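Contents: one structure, followed by commentary.
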Amino acid sequence: MINQEFFEALADLEREKGIAHDVFIEALQNALASAYKKQFPGFSGEVQVKLDATTGTMRCFLLRHVVEEVVDKDKELSLEEALDFKEDAKVGDTLIEEFVPKDFGRIAAQTAKQVILQKLHETERDNTLNEFSDKENEIMVGVVRKLEGKNVYIELGNAQIEGLMLPQDQIPGEKYNLNDKIKVYVKKVKSGGRNAQVLVSRTASGFVKRLFEEEVPEIKSGVVQVKSISREPGQRTKMAIWSEDPKVDAVGACVGNKGMRVNAVVSELSGEKIDIIPWSEDPLEFIAKALSPAKVIAVTQLEAENSAMAIVPDDKLSLAIGRDGQNARLAARLTGWKIDVKSETAAAKLNILGQPEGEEE
């Protein structure tokens, strides 16, 4: 049924695929026991299969429990019957009897093949998880291999692992074609039943951060830090940056000579606008800067926690709020504060005195 060549093949797979010999054997023994019971539908007994790689043999055993009254002959035997097998048998014992299965060779061979294929698949899945577990929150270059409904499947790296980009992870307005080479952000690596799944994104805020790391050595080295990012993919991003070193112009480092660095990121994001905001530990000053490109006259903290009012020139009100409130909304997300934007005239009518902020950098 199972010859020595079979066990030699398992040894080869262990060397090539890294699957432990014992793992194959245990899985195969369990599968063979289950296959035997399926071959004889009326049989309800407990079967064990033992494979010996040294001798290249398979042995089958029937396990039956000693009981006072037999209900299932396949699983149980009486004490009287048990004493014929074992002189000191007693109720509660489990007797193991070897038997030779009939007409089981073809089933055994099919089962062995199925188990090997299943283990190979499981190993590939586990290898995927292991390989990509440290790739989460990183950028990878992939090739679009399949478009299925609104989902985009991307072949990642040299391992030919498939990443899934769901609709919510696709930048609005972008079109993806087969064989397109694109950058994606590895959002999540997870095991989904029998398959490993790598979820990728182009809409995650982390994608913007990693793109700037690629373009700005000062961010990569940690000299310039990205404090926070707020983003509406395909439209606008605000990124707050800061440097511990007063000699380093954090904004200038991100913009680059003639805007080369920021423009490279904008190009990758299909023209998405990017506001680079100098971070400040003073939340009111930070709010004023976050409302860029609008000039802010003053920011006043309100009674509610993490709530402030920003006062802007009358002719800058629409710019500060942005189309459909986008600029103010992104500024609020960036700072973590609720921001009420008022024009200078409206503030004067309310008799609100603001605290002047410094000029925009």
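Every number here is computed from the coordinates shown, using simple stated rules; none is lab data. In this text, all values refer to a predicted model and were calculated from it rather than measured experimentally. No Cβ is skipped: glycine too gets one built from the backbone with ideal geometry, and neighbour counts run over all protein chains shown.
Miscellaneous remarks
- Overall dimensions of the range 220-298, expressed as equivalent-ellipsoid semi-axes from the Cα gyration tensor (√(5λ), whole Å, largest first), are 20, 17, 11.
- Sparse packing (at most 10 other Cβ atoms within 10 Å of the Cβ) combined with a DSSP loop state is found for the following GluC sites (Glu not before Pro) in the range 69-120: 69, 87.
- Relative contact order (%) - the chain, alpha-carbon pairs under 8 angstrom, separation at least six: 9 percent
- For residue 39, neighbours were defined as the other residues whose beta-carbon sits under 11 Å from its Cβ, and their charges (Lys and Arg +1, Asp and Glu -1) total +3.
- Over the residues of the chain, the helix contribution to mean residue ellipticity at 222 nm works out to -10500 deg cm²/dmol, using -39500 (n - 2.57) for each DSSP H run of at least 4.
- Derived value for the chain: Kirkwood hydrodynamic radius 26.5 Å. Basis is the mean of 1/r over every pair of different alpha-carbon atoms.
- Order of 297, 241, 287 - criterion: other Cβ atoms within 10 Å of each residue's Cβ, fewest first: 297, 241, 287
- Positive-end ranking of 290, 351, 325 along the dipole of the range 284-361, with charges on Cβ about the Cα centre, is headed by 325.
- Greater than 25 Å apart at Cα, pairs in 50/86; 17/181; 209/289: 17/181
- Charge context of residue 110, other residues only, Cβ under 14 angstrom, K/R +1, D/E -1: +2
- Under the combined filter of DSSP loop state and at most 14 neighbouring Cβ atoms within 10 Å, the range 197-276 retains these GluC sites (Glu not before Pro): 244.
- The residues packed around residue 48, meaning those with a beta-carbon under 15 Å from its beta-carbon, carry a net charge of -1 if Lys and Arg are +1 and Asp and Glu are -1.
- Taking trypsin sites (Lys or Arg not before Pro) as exposed when their DSSP state is a loop state and no more than 14 other Cβ atoms lie within 10 Å, the longest site-free interval of the chain runs over 248-361.
- Dipole of the chain, positive end: most advanced residue of 130, 62, 226 [Cβ charges, Cα centre]: 226
- The chain: most fluctuating residue of 328, 290, 20 per GNM, C-alpha cutoff 10 Å: 20
- Dipole of the chain, positive direction: furthest Cα of 33, 172, 152, with charges on the beta-carbon: 172
- Student exercise, the range 102-155 dipole from Lys, Arg, Asp, Glu Cβ charges, in Debye to nearest 20: 460 debye
- Summing Cβ point charges (Lys, Arg +1; Asp, Glu -1) relative to the Cα centre of the range 195-297 gives a dipole of roughly 320 debye.
- Within the chain: Cβ-based charge dipole about Cα centre, in debye rounded to nearest 20 (Lys, Arg +1; Asp, Glu -1): 1720 debye
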